[in-house]
Amino acid sequence: MQAEYRQRREQLMAKIGTGTGIFRSAPMAVMHNDVEYNYRQDSDFFYLTGFNESQAVAVLAPHHAEHRFVLFVQPKDREKEVWTGYRCGVDAAKELYGADEAYPISELDEKLPQYLEKADRIYYRFGRDRAFNDTILSHYQRLLQTYPKRGTGPIAIEDTSTILYSMRLLKSQAEMELMRQAAAIAIEAHNHAMEITAPGRYEYEIQAEMERIFRLRGGMGPAYPTIVASGANACVLHYIENVRQMQEQELLLIDAGCAYDYYNSDITRTFPVGGKFTPEQKILYEIVLEAQKQAIAQVQPGNPHKSIHDTAVRVLTEGLVELGILKGEIDKLIEEEKYKPYYMHRTSHWLGLDVHDAGVYQHGEDKPQILQPGQVLTVEPGLYIVPDTKLAEDQPQTHPRWIGIGIRIEDDVLVTPNGHEVLTAGVPKAVDEMER
Ligand code: GLY
Ligand code: MN
Ligand code: MN
């Protein structure tokens with residue numbers, strides 16, 4: 001994998017040319033008081049280095065004679081390592097991670113300027129770490145002030161993400177393998193969840209069984225907080241309390257994915273708790289499934305990313321009209337976004353190191369993102385007949401029999417040279433495969 005990190009750095013350096021790129025590790029996240037969450041490296045930082053410690057800075061200086069890749073890291077410290085575990089330290093940062101030079105992080109302010117003085121640009125993405133943003137700004141301002149004397153130095157800060165995100169958008173063979181593994185574990189967990197779901201069981205039991213599989217199979221854990229939403233809880237898009245006892249006659253919506261070696265899967269299935277759809281549930285389910293199938297069919301190289309959402313919206317709107325939940329002409333209903341009370345989110349996002357992965361969806365109003373082989377995205381239409389009486393009053397045509405039903409179906413799809421591959425096809429979604 002080191003060769004691949006190196007190749008990514010070279011690719012980025014070729015694009016930033018005479019600039020210097022600066023990348024910050026993720027901060028530690030506090031759970032409460034002095035207890036911290038498991039550390040998870042910043043995805044950009046990890047993509048370029050494979051280095052998984054906090055308190056680190058990576059510098060890419062393609063124009064520097066000797067030090068094109070520099071790491072600032074926490075130094076070895078026996079006493080601290082007894083508590084918080086192994087640290088790579090300065091020397092091994094060079095040996096193991098291929099840095100041309102490495103320094104203790106405490107020397108950042110002193111050592112950084114030599115990598116900026118000859119650069120014409122700083123490439124940096126302003127992040128959540130305000131103090132570090134200020135550090136970069138103060139170096140930049142100091143160099144600007146002394147620019148006339150030196151005649152060289154950065155005259156702009158550019159956001160690295162335009163370049164880096166277009167790289168992250170196209171997955172390498174190695175990345176695809178990790179994503180397949182993340183998908184395989186989540187597939188097993190979803191299939192197990194379907195087997196054990198039964199009236200009387202609690203949502204958290206299903207969550208626990210799935211997350212057990214995530215870890216058991218060597219995953220890092222859930223890719224995001226697991227959603228196990230029975231009945232009307234499914235109408236809350238990010239319901240994560242998972243405390244309710246499931247009832248016969250209800251649907252269960254599970255949105256759960258696994259992180260495997262930093263790569264994520266993201267799957268949603270909705271199925272009957274008691275084994276049989278009610279007629280209403282089945283009618284709505286078939287609309288969402290059709291929307292998903294048609295949207296997945298849009299995943300072809302050369303198609304705009306936006307065609308995925310547009311296709312789903314059309315099928316869903318047609319379905320709502322057929323049921324009398326919406327009334328009017330399809331094109332007009334779509335233009336006026338009348339489907340939005342029932343379908344309020346978008347249909348697809350990029351997937352990779354982040355669940356909502358790096359990459360733009362539209363280059364301005366008129367220039368859509370075109371699908372290319374190597375991209376991985378989700379396709380996740382839904383319908384949510386929110387049990388909100390005010391909403392129902394506003395829409396008197398919403399017959400009570402639909403109220404409280406929430407459905408989403410989500411798969412992870414790789415764009416291939418000839419079309420697509422559904423990475424998560426191993427979890428059933430046809431009505432007859434889900435009924436018991
Ligand atoms: N589970 C988050 C999403 O589907 O985007
Ligand atoms: Mn998703
Ligand atoms: Mn999801």
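The values are calculated or read from the model by the stated rules, or taken from the named source; none is laboratory data. These numbers were taken from a predicted model, which means no experiment stands behind them. As a convention, Cβ positions derive from the backbone with ideal geometry for all residues, glycine included, and neighbour counts pool all protein chains shown. For the accessible areas, the whole protein counts, side chains as well, though only heavy atoms, and no ligand, DNA or RNA atoms are used. Shrake-Rupley method; radii C 1.70, N 1.55, O 1.52, S 1.80 Å.
Tell me which lysines have Cα within less than 23 Å of residue 80's Cα, excluding those fewer than 8 residues away on the same chain?
Qualifying lysines at Cα under 23 Å: 94.
Once you have the Cα-Cα distance between residue 191 and residue 150, take 0.36 nm times their residue separation minus that, and quote the gain in nm to one decimal. Working shown, then result.
Details: separation 41, 0.36 × 41 = 14.76 nm, distance 6.45 nm.
Once the chain is fully extended between residue 191 and residue 150, it gains 8.3 nm.
Please list, in chain and number order, the residues 5+ apart from residue 247 or on another chain whose amide H is under 5 Å from its amide H, with Hs placed from the backbone.
200
Regarding the chain, what is the average projected area of its C-alpha convex hull, in nm²? Display every interim value, and only then the final one.
Numbers: hull surface 96.9 nm².
The orientation-averaged projected area of the Cα hull of the chain comes to 24.2 nm².
Report the local net charge at residue 92: Lys and Arg +1, Asp and Glu -1, summed over other residues whose C-beta lies under 15 Å from its C-beta. Provide the component values of the computation, followed by the final result.
Values: positive: 76, 78, 87, 94; negative: 53, 77, 81, 91, 95, 100, 101.
Residues close to residue 92 contribute a combined charge of -3.
What helices does the chain hold that run 15 Å or longer along their axis, going by alpha-carbon atoms, with a Kyte-Doolittle average of -1.0 or more, using DSSP H for the helix calls?
Values: long enough: 2-16 (21 Å, -1.49); 130-150 (30 Å, -0.98); 173-196 (35 Å, 0.01); 203-216 (20 Å, -0.61); 279-297 (27 Å, -0.05); 306-322 (24 Å, 0.11).
Once both thresholds are applied, what remains is 130-150, 173-196, 203-216, 279-297, 306-322.
Pull up the DSSP beta bridges for segment 1-118 and report the antiparallel fraction as a percent, rounded to 5.
Rounded to the nearest five, the antiparallel share is 70 percent.
For segment 49-95 and segment 306-344, what is the separation of their Cα centres, given in Å?
Centre-to-centre distance over Cα atoms comes out at 52 Å.
Rounded, prolate or oblate, given the Cα gyration tensor of segment 173-238, with a/c below 1.5 counting as rounded?
Details: a/c = 2.48, a/b = 1.79, b/c = 1.39.
Prolate shape, in that a/c is at least 1.5 and a/b is the bigger ratio.
On the accessible surface of segment 194-344, probed at 1.4 Å, how many percent belong to carbon and sulfur atoms? Intermediate results must be reported in sequence, preceding the final value.
Numbers: 3100 of 6230 Å².
Here it works out to 50 percent.
Take every DSSP beta bridge with both residues inside the chain and express the antiparallel ones as a percent of the total, to the nearest 5.
Details: 40 of 48 bridges.
Percent antiparallel among DSSP bridges in the chain is about 85.
Would you calculate the separation in nanometres between label points at residue 276 and residue 11, each defined as 7 Å from the Cα along the Cα-to-beta-carbon direction?
According to this spin-label approximation, the distance is 5.3 nm.
Quick one: net charge around residue 343, please, counting Lys, Arg +1 and Asp, Glu -1 for every other residue with C-beta under 13 Å from its C-beta. Intermediate results must be reported in sequence, preceding the final value.
Values: positive: 314, 338, 340, 346, 408; negative: 310, 318, 337, 380.
That sum, taken over residues with Cβ under 13 Å, equals +1.
Counting only C-alpha contacts under 8 Å and six or more residues apart, can you give the relative contact order of segment 130-218 as a whole percent?
Numbers: 26 pairs, mean separation 18.0, N = 89.
Once divided by the residue count of segment 130-218, the mean separation gives 20 percent.
Quick one: which residues, 5 or more positions from residue 51 or on another chain, have an amide H under 5 Å from its amide H? H modelled 1.01 Å from N in the peptide plane, none for Pro or chain starts.
none
Residue-wise, which Karplus ³J(HN,Hα) couplings in Hz belong to segment 217-231, taking 6.51 cos²θ - 1.76 cosθ + 1.60, θ = phi - 60°, and x for glycine or proline?
My calculation for segment 217-231 gives 8, x, x, 6, x, x, 6, 6, x, 5, 9, 10, 10, 9, x Hz in order.
Which of the residue pairs 15/76; 327/367; 171/276; 276/338; 171/306 have a Cα-Cα distance greater than 29 Å in the structure shown? All intermediate terms of the calculation are to be shown ahead of the outcome.
Values: 15/76 34 Å; 327/367 32 Å; 171/276 39 Å; 276/338 31 Å; 171/306 20 Å.
Distance filter (> 29 Å) returns 15/76; 327/367; 171/276; 276/338.
In a Gaussian network model over the chain where Cα atoms closer than 10 Å are linked, find which of 85, 419, 319 has the largest mean-square fluctuation.
Its mean-square fluctuation being the largest, the pick is 85.
When 1/r is averaged over all different Cα pairs and the result inverted, which Kirkwood radius in Å belongs to segment 144-186?
14.0 Å is the Kirkwood radius here.
Compute the Cα gyration tensor for segment 254-306, then decide on rounded, prolate or oblate, letting a ≥ b ≥ c be the square roots of its eigenvalues: rounded whenever a/c is under 1.5, prolate when a/b is larger than b/c in the other cases, and oblate in all that remain. Don't skip to the answer; put the middle values down first.
Working: a/c = 4.56, a/b = 1.27, b/c = 3.58.
Verdict is oblate for segment 254-306.
Run the simple label-point estimate for residue 290 and residue 96 please: 7 Å along Cα→C-beta, distance reported in nm.
Simple spin-label model gives 5.6 nm for this pair.
Under the rule a/c < 1.5 gives rounded, and otherwise a/b versus b/c splits prolate from oblate, where does segment 206-360 land using the Cα gyration tensor?
Values: a/c = 2.36, a/b = 1.25, b/c = 1.89.
Cα axes put segment 206-360 in the oblate bin.
At 0.36 nm per residue, and after removing the present C-alpha to C-alpha distance, how many nm does the segment from residue 67 to residue 109 gain when stretched out fully? If you can, show how the numbers build up before the last one.
Details: separation 42, 0.36 × 42 = 15.12 nm, distance 1.67 nm.
The span from residue 67 to residue 109 would gain 13.5 nm if fully extended.
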